[in-house]
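S.K.: Below: one structure in structure tokens.
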Amino acid sequence: MMKRGVLCEEEKEAKKQKLLDQIGDGHLPYLSPKDDTFYDLWRTCYSKLTLLQAKHINADLHHTVQNAFLSLLDNGCLFQDLVRLKGKDILTPVSRILIGRPGYTYKYLNTRLFAVPWINDELNTQYCTRNLLDTYKAFSDLNKFLYSQTVNELQKLRKAHKNDCFQHFDYKEQVKSDKRPCTLNNENKELHSLEPFNVTLINYMDPRDMPCLKEEPYFGMGKMAVSWHHDENLVEQSTVAVYNFSYQESAHDINGDDKDPATWNVGLKIAWDIETPGLCIPLNTGDCYLMLDDLNKTHQHCVIAGCQPRFSSTHRVAESSRDTFQYIKSQCNSALQNLHMDPDTGAAALKSLEPRVLGQTEEIHNEVEFEWLRQFWFQGKRYNKCTTFWKEAMTELENHWKQMETMTSLVLKAIENENLTVDEKCNILKNILPCLVERQNLRQEWRESVMKTQKPDERMISGCRSKLAKKLPPDQAPCCYPYWNDDNKSMPLSFDLHSITFALQNRLETLEA
Ligand SMILES: O=C(O)CCC(=O)C(=O)O
Ligand SMILES: [Fe+2]
């Protein structure tokens, strides 16, 4: 069920290793403002990166947003994520929270983050304190501001692009080759998204808590708080806008004296290119930068740690077709349409035994279980500190999921008992078995992931398992939920589906023989 990128992890890793081998012991060149050609390089190879300096932004907005960052920290609403990278479990050095439209989620590194709603007109009671309500709203205000700036900058970009094209366009060439000016071609090509940002991912790190950050490997830019990456799961050609806030003086410098020791930097490079120098842009507190249009696709970025604690708010247009509570709720409702509950006896029955319908129900069953319930509970009880929105949403989804457990058990009974032809039974089995096998495999995977993070018992003493467990506070420790024992009579089927899928496979083979 995990989404696959254009290049798979192994291919990317091999490609990266090849680049590192080419570089050998040395480093590739990169430019920062102290280099004469820094602005030329920025204009020519990084023109879709725009910096908005703090001094051009309204002081009230700075004040509101900066207080909001500090409030998130004071309220314990920033969390390190336990992610799986290149087959290893790691705890991200950066702590995060997602804030955004009610019901939105955002997936990064196979972790689904659940957005704390930034405003909720109907239910103000969904926050622990009044103070937190104002905190989230501050990011909605910042979101509106950054969106208006993005629209302006995209217009400027479009104008500059048109001028460039007309300047370079040679009329004779056009007649000869019967090509049209590139502005005309580009009229259709300019697909950049003007959709407003729907979420912001807030980042926080105090470098003094993270003495073991990795060195930036290609250019020697310094210690990385966030390694090179493209932002994933965004609407194509959508801008990412970032507000930067570092605070408190500190004498501690982790990056040597090569550049201003206090400053955090954003690093940029063209993806898979070792000819063009990298760009390292220092960020002063209150500065914002925009990665416009397709910059996130053509280039990669990283964050080089300064010495102060630092926050950023990264506003994005998350791809949301299958990633909102509204979406998964409607999926559940469509699956449950095939369930009839007798109002008098409370007995459950399936309305249709159409194989396609049964298969779809089992798919939705997996989707709600693995993409929502298990993702949510893997993050412990962290969300309770920030909002009640997701606890209520998960209770609702869990009720739907439990009814789908009943539906699965009813299909299994139908295959045993009903007056169905061999063909009908085969068709049903073919439609549901792949989903049940996937459910069994994914349940085992999730259970193992959670066990790895738990306190070691006598059998598991050493290694990163125990280290990870110690690092996470109890309310953030991953839960394997839902989980139940075979003697739990409220559940129609076992957690472990191994013997059921095994028997069904045999059954199918016998029927087909
Ligand atoms: O903190 C920043 O400036 C950017 C962080 C980032 O790249 C991300 O959250 O994807
Ligand atoms: Fe990023």
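The values are calculated or read from the model by the stated rules, or taken from the named source; none is laboratory data. Given the structure is predicted, the values throughout are model-derived calculations rather than measurements. So basically every Cβ, Gly included, is an ideal-geometry build from the backbone, and we count neighbours across all protein chains shown. With ligands, DNA and RNA removed, areas are computed over all heavy atoms of the protein, side chains included. Shrake-Rupley method; radii C 1.70, N 1.55, O 1.52, S 1.80 Å.
S.K.: To the nearest 0.05, how large is the calculated FRET efficiency for ALA59 and ASN131 if R₀ is 22 Å and r is the Cβ-Cβ distance?
M.R.: 0.55
S.K.: Sticking with this one: Just to verify a number: FRET efficiency for ASP35 and ILE274, C-beta to C-beta distance, R0 = 30 Å, to 0.05?
M.R.: Efficiency for this residue pair is about 0.95.
S.K.: Sticking with this structure for a sec: Taking a spot 7 Å from the Cα of ASN163 along the direction of its beta carbon, which residues of segment 36-66 have an amide N less than 12 Å from it?
M.R.: Counting backbone N atoms under 12 Å from the label point, the list is empty.
S.K.: Pop out the carbon and sulfur fraction of the accessible area of segment 318-410 as a percent, whole number, probe 1.4 Å.
M.R.: On segment 318-410, the fraction of accessible area on carbon and sulfur atoms equals 49 percent.
S.K.: Report the percentage of all Cα-Cα pairs in the chain whose separation exceeds 28 Å, rounded to a whole percent.
M.R.: For the chain, the fraction of Cα-Cα distances above 28 Å is 62 percent.
S.K.: Another question, if that's okay. Quick check on segment 21-125: take the gyration tensor over C-alpha atoms, sort the square-rooted eigenvalues as a ≥ b ≥ c, and tell me if it's rounded (a/c under 1.5), prolate or oblate.
M.R.: oblate
S.K.: Another question, then. Before rounding to the nearest 500, sum -39500 (n - 2.57) across all DSSP H runs of length at least 4 in the chain and divide by the residue total; then give [θ] at 222 nm in deg cm²/dmol.
M.R.: Here the helix-only value at 222 nm equals -13500 deg cm²/dmol.
S.K.: If you don't mind, another one. Between TYR481 and GLU236, what's the calculated FRET efficiency when r is the beta-carbon distance and R0 is 45 Å? Round to 0.05.
M.R.: It comes out at approximately 0.80.
S.K.: Just to be sure I understand the model, the point goes 7 Å from the Cα along the line to the Cβ. What's the resulting LYS489 to LYS471 distance in nm?
M.R.: The two pseudo-label positions are separated by 4.5 nm.
S.K.: Averaging sequence separations of C-alpha pairs under 8 Å and six or more residues apart, then dividing by the length of the chain, give the relative contact order as a whole percent.
M.R.: In percent, rounded to a whole number, it is 16.
S.K.: Going through the DSSP H helices of the chain, which span 15 Å or more along their own axis at the Cα atoms while scoring at least 0.0 as a mean Kyte-Doolittle hydropathy?
M.R.: Helices passing the filter in the chain: 59-74.
S.K.: Are there chymotrypsin sites (Phe, Trp or Tyr not before Pro) in segment 269-370 that DSSP marks as loop and that have at most 15 other Cβ atoms within 10 Å, and which are they?
M.R.: Answer by residue number: TRP272.
S.K.: Right, here's the next one. What does the charge count near GLN375 come to, summing +1 for each Lys or Arg and -1 for each Asp or Glu among other residues with Cβ under 10 Å from its Cβ?
M.R.: +1
S.K.: Please work out the average accessible area per residue across the chain, using the 1.4 Å probe convention, and give it in Å².
M.R.: It amounts to 50 Å² per residue over the chain.
S.K.: Please work out how much length the chain gains when fully extended from THR421 to ALA513, using 0.36 nm per residue of separation minus the C-alpha to C-alpha distance, in nm with one decimal.
M.R.: Gain in length upon complete extension: 31.7 nm.
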